[in-house]
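Below is one structure; the comments refer to it alone.
Every number in this text was worked out from the coordinates using simple rules, so none of it is lab data. Keep in mind that this is a model prediction, so the values were computed, not measured. All Cβ positions, even for glycine, are placed from backbone atoms using ideal geometry, and neighbour counts span all protein chains on display.
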Amino acid sequence: MKVLTILAALVAMWLLAGCGEPTAAPVDTVAAPEQAIAPEAPLPPVLPVVDVAAAQALLTPDETVEGVDFDVAGSTTMTGAVVGYKSTAYAVPVLAGQTLTVTLEPKDNTNLYINVLDVANATGEAVHQGDMAGPKASFMAANDGVYLVRPYQFRAVARRGTESAYSILVERK
C-alpha cells in the first residue's frame with residue numbers, strides 16, 4: 001500500500017508539473033556586440049524655388065526675369081546692359097539668415113542703378129534703392145525667399161535709348 005501511495009503521489013506531481021507556467025529557455029549569457037549606428041548626415045539646405053511669374057509681376061513689360069543659380073553659399077557675376085528701358089532683372093533665392101550682398105559695377109555710364117526687391121512683397125517696395133543708397137546692397141534675409149536685382153537707368157537717360165553696360169556681383173553667405 002505504501003508503494004501505491006508513493007506511486008500515486010509521483011503521478012500527481014508529474015501531472016501538476018505540466019499545469020504550471022512553462023519554464024523559460026536557458027538565457028545565453030554572451031551578449032551580442034552592439035553595432036555602432038552612424039548618425040544620419042544632415043540634409044543640405046535647399047534654396048527656395050524662383051517663381052518667375054511672381055517676379056515678372058513686379059516688372060515692366062520692357063524687363064525680363066532671369067533666375068540666378070550658384071552654390072548655396074558663394075558668389076556669381078552677371079553681365080549685361082540696360083538699353084533704354086529694356087533690361088534683365090535677376091531672381092536670387094536666399095535662405096533665412098543668409099546675408100545677400102549685391103554690388104553693381106557700371107562699365108561706361110555712371111547713370112546706372114540697382115534696386116533690390118523682395119518678390120514676396122507684392123507692393124514692389126525696394127529693400128535697397130540704388131539711387132539713394134548707392135551701388136552696393138547688403139542685408140540679412142529674415143525668411144527664405146527670392147530677391148529681384150533690378151538694374152535701371154533714370155527716365156531722362158532711358159528715353160534717349162542710352163545703352164549702359166554693367167556687371168553685378170551677387171554673394172550669399
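Remarks
- In segment 62-172, taking the dipole from charged Cβ atoms about the Cα centre, the farthest positive-side position among A96, Y166, F139 is held by Y166.
- Assuming charge only on the beta carbon of Lys and Arg (+1) and of Asp and Glu (-1), the dipole of segment 62-172 about its Cα centre is about 380 debye to the nearest 20.
- Counting all C-alpha pairs of segment 25-164, share separated by more than 19 Å (%): 57 percent
- Highest average packing first - 164-173, 36-45, Cβ atoms within 10 Å: 164-173, 36-45
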